[in-house]
1. Tell me which chymotrypsin sites (Phe, Trp or Tyr not before Pro) from the range 241-335 have a DSSP coil assignment and no more than 14 other beta carbons within 10 Å of their own.
2. Report the calculated FRET efficiency for D133 and L60 (r = Cβ-Cβ distance, R0 = 35 Å), to the nearest 0.05.
3. Which values of log₁₀ I(q)/I(0), to two decimal places, follow from the Debye formula for the range 267-318 at q = 0.24 Å⁻¹ with a uniform point scatterer at every Cα?
4. Out of N301, N233, N24, any idea which swings most in a Gaussian network model of the chain, alpha carbons joined below 10 Å?
5. Give me the net charge for the shell around E259: Cβ to Cβ below 14 angstrom, other residues only, Lys and Arg +1, Asp and Glu -1.
6. Using a Gaussian network for the chain with springs between C-alpha atoms less than 10 Å apart, which of these wobbles most: D77, D113, D220?
7. Roughly what % of DSSP beta bridges within the chain run antiparallel, to the nearest 5?
8. Using r as the Cβ-Cβ distance of R184 and E259, and R0 as 30 Å, what FRET efficiency do you calculate, to the nearest 0.05?
Amino acid sequence: MSKHTEVQEYYGETLQSTEDLKTNACCTMEAPAEHIKAALSLIHDEVHSKYYGCGLVAPLELKGKRILDLGSGSGRDVYLLSQLVGQEGEVIGVDMTKEQLDVARKHIDYHTDKFGYKHANVSFLEGNIERLDELDLADNSFDIVISNCVVNLAENKEKVLAEVYRLLKPGGEMYFSDVYCDRRLSDELQRDPVLWGECLSGALYWNDFLRTSRKVGFTDPRAVKSNAITVENKALEAKLGDAKFFSVTYRLWKIDGLEDECEDYGQAVAYKGTIQHSENSYQLDDHHIFPKGKVLTVCGNTYLMLHATRFKDHFDFYGTWDTHYGVFEGCGGAMPFQSDRQSGDAASCC
Ligand SMILES: C[S@@+](CC[C@H](N)C(=O)[O-])C[C@H]1O[C@@H](n2cnc3c(N)ncnc32)[C@H](O)[C@@H]1O
């Protein structure tokens, strides 16, 4: 049986609800912000019951945006984002498992009504995220691509990321949560259908993920949040040995001019405090938080992630590209995740 068929069976038949998961890999550990909690509360129970995500994939500043969700499952994140993009925005989900698509599609009218929309702003396509070129999706046509605990299930991860790069508009981003490992896993583990289906043995070694991202054009991947996955299943833990797993939210920007190292051009930015739901400070990633009004020096790449994106109007920018002062101190290097579960996060399993 092919990997795809195995995964389809796992998510279409073996798992009937989140209760059937055998590990905590497909569990969301982050406590959502109040506006996200409010939006989640409007989503149909059946959609929630078949949610298997490992993170929150709702970045800020989404009004009117066009979003693609890779591996949308029962549609939880699509319906969450449907509310955040508003009536003028659009969210498209892609999944290959018919049973999950059926649940997602069944509740389109329910949510259109519930959100007070005149017409649906969501749709669900049946398709393989490793063959996005076979769907009728134009180059440079999405502001944001999200995905929640899915890329690890793809055999050809490079193909997925390369297609995402093609589909994103310049200045757009892939904002996605997935499972990563602290090492490369053996073929034997990768052949285990339960370990693969539970989002563990398909997990990329984090450094290979960074290499692949850079290769397809996402020159400076930024981690936003990470949590250690504890597996919590003795038999599966025994098979996995010492391998350690993390669920990590990354943002991959499609921006011309990003460099492979953080370089110092003497630039700085100040946040205006104008992003809805984040008025006191704006968090770009796990090592860049911009308090309102404070001028902070930034590397050229961070400058571009604010200046060449939908966040431009929310910042004042200082400096030029005229003078290079050397490498920007304070970025990069070691394994970017902590080995303990992130403190302060309430675990809310799936
Ligand atoms: C762990 S679940 C996550 C679902 C959803 N993102 C959520 O948060 O509930 C994985 C989903 O990805 C889908 N999937 C896995 N590999 C896929 C592929 N190559 N193409 C399309 N969908 C895929 C599965 O059908 C399943 O619905």
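Laboratory data are not the source of any read-out in this text; all were calculated from the coordinates shown. This structure is a prediction, so every number in the text was calculated from the model and none was measured. Reconstructed Cβ throughout: ideal geometry from the backbone, glycine too, with neighbour counts over all protein chains shown.
1. W321, Y325
2. The calculated FRET efficiency here is 0.70.
3. Those come out to -0.87, one per q.
4. N233
5. Surrounding charge for E259 is -4.
6. The residue with the greatest mean-square fluctuation here is D113.
7. If I count the DSSP bridges inside the chain, around 55 percent turn out antiparallel.
8. 0.65
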